[in-house]
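Right, one structure below, let's go through it.
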Amino acid sequence: MSSLSSISSRHLSNTGLENLKLFIFNHHSTGRNRSYSLCAFARRTVWQQLPSMHRTPRETSRKLQTESSSNRSLPSTHVSSGEKVKQASKDVFYTGVVVAGISITGLLGYLIFRELFSSNSANGVYKDALKLCKNDIRVQSILGSPVKAHGETSRRGHRNHILSAEWKEAEAAGGDQHIIQVKFHVQGPFNRGTVYAEKNVTKGEYRTLIFQTDNKRERFSFLEPPEPQKSIFALA
Amino acid sequence: MEEYAREPCPWRIVDDCGGAFTMGAIGGSVFQSIKGFRNAPSGITQRLAGSLSAIQQRAPIIGGNFAVWGGLFSTIDCSLVAIRKKEDPWNSISSGALTGAILAVRQGVPAMVGSAVIGGVLLAMIEGVGILFSRISSEQFKPISPLEEQQRDPRLFQTEGNSGGGGMFGFGAPAPQ
């Protein structure tokens, strides 16, 4: 008896094992003739399982397919023109939102990239003018060392915004000229000042580059050579 | 002239921390009130109670998270200002990235890199918005040359050493008698 059940269960799939469990659970408690019922169970299971065991997978799938297609009623493919218009307008709207988002992000990315990496930008002029300013002996003597630089102070105490303006100027010789103006603050241990620069970045030359202390006592242009200082020992 | 008198940097950390807490608490309250309202059992009283308890539970935590971000960001920003002796958009972008990395340090290196990229890009976008607005309104806030400033209001330049209006690039030369 046990050998029969083991043979049958070896060939059987999960459903057979489930049946076996269910069978044992049901019949153990009822106390019926166990040997008879086990035998009957085995016969029943083998009879149920055998046809499917001899069927090839291709046949199975074909049969399943025909069964499912015959049973299922396909949903209607007809779409009313009102629904079409609704869906199309929805699509257009969402596409518009996506395109607007991408273009705004792209514009911001371009602006910040140009600002940070190009020398033809306000930040580039700031960097360059600051270098000139730090290397200038007059600034060093007025402000002391080290020289620190910053932009306009915002309400929340952030100072990395440099006041700037840029525009194009038409010139008879050489076409459009790109002009950038910046203004930033410098300070050292002794004093603080402001640098104002106006650069023609097309030609790469400064038109104006003025330093002025904030108490307005000192002002000079970097573009002009330093005035010859009179020695205190020289007799006037 | 008052804002020039004080160096913003070490104090700014406290300002930013508090500002970020407020922002997070208010924003979190709005968000959590809607969330609590939607998730509560039906009935207006139940929904309002759910909304209120969600605010009580979550808004201070969100505020605290924002405060940590803001405080750390500002600390790194101020450190970079002190090291580089220059304030420009690079400072805020790199401190955003560093803040992201530091706050994700317990989740491992890949999470740190991801968080740093998010922080850097976020701050770069904020800087980009700033640049965009300054470009739109650049006519209003055009930098004024000191020479132009003097023409507009010569009295500002009448200090004892320099009578103003006289020597354009004078070294504080005494006024001609």
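The values are calculated or read from the model by the stated rules, or taken from the named source; none is laboratory data. Remember, predicted model here, so these are calculated numbers, not experimental data. Because the Cβ atoms are built from the backbone with ideal geometry, glycine has one as well, and the counts that use them run over all protein chains shown. The protein model used for the area step is the full one, side chains on, heavy atoms only, and it has no ligands, DNA or RNA in it. Shrake-Rupley method; radii C 1.70, N 1.55, O 1.52, S 1.80 Å.
Data for the structure
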| item | result |
| --- | --- |
| Area accessible to solvent at residue A:196, 1.4 Å probe radius, in Å² | 10 |
| Ranking by accessible area, most exposed first, for B:12, A:207 with a 1.4 Å probe | A:207, B:12 |
| Kirkwood hydrodynamic radius (C-alpha pairs) into Stokes-Einstein, region B:88-138, 37 °C and 0.692 mPa s, D in µm²/s | 290 |
| Amide H within-cut-off set for residue B:86, under 5 Å, with H built and near neighbours excluded | A:149 |
| Shielded by partner chains, region A:113-156 residues - at least 50 Å² of accessible area, 1.4 Å probe, vs chain alone | A:116, A:148, A:156 |
| Phi to ³J(HN,Hα) by Karplus 6.51 cos²θ - 1.76 cosθ + 1.60 over region B:20-34, Hz, x for Gly, Pro | 5, 4, 4, 4, x, 5, 5, x, x, 4, 4, 5, 5, 5, 5 |
| Amide hydrogen neighbours beyond the local backbone of residue A:214, cut-off 5 Å, H modeled | A:192, A:193, A:194 |
| Heavy atoms of residue B:23 accessible to a 1.4 Å probe, total area in Å² rounded to 10 | 120 |
| Residue order for B:145, B:79 - accessible surface, 1.4 angstrom probe, largest first | B:79, B:145 |
| Set of lysines with alpha-carbon distance to residue A:168 below 28 Å, sequence-local pairs under 8 removed | A:127, A:131, A:183, A:199, A:203, B:142 |
| For region B:7-85, accessible area per residue (1.4 Å probe, heavy atoms of protein chains only), Å² | 58 |
| Within the accessible area of region A:126-208 (1.4 Å probe), percent carbon and sulfur | 50 |
| Surface/4 estimate of mean projected area, convex hull on alpha-carbon atoms of region B:7-85, nm² | 5.3 |
| Ranked order, A:127, A:199 - accessible area, probe 1.4 Å, largest first | A:127, A:199 |
| Per-residue SASA entry for residue B:69, accessible area with 1.4 Å probe, Å² rounded to 10 | 80 |
| Chain pair A, B: total accessible area buried, heavy atoms, 1.4 Å probe, Å² | 4500 |
| Under Karplus coefficients 6.51, -1.76 and 1.60, residue-wise ³J(HN,Hα) of region A:110-115 in Hz, glycine/proline x | 4, 4, 5, 5, 5, 4 |
| Rough spin-label spacing in nm, given labels placed 7 Å along Cα→Cβ, for residue B:149 and residue B:53 | 6.1 |
| Cα→Cβ-extended label distance, 7 Å offset, between residue A:200 and residue A:170, nm | 1.7 |
| Taking the C-alpha atoms of region A:122-221, convex hull volume expressed per residue in Å³ | 104 |
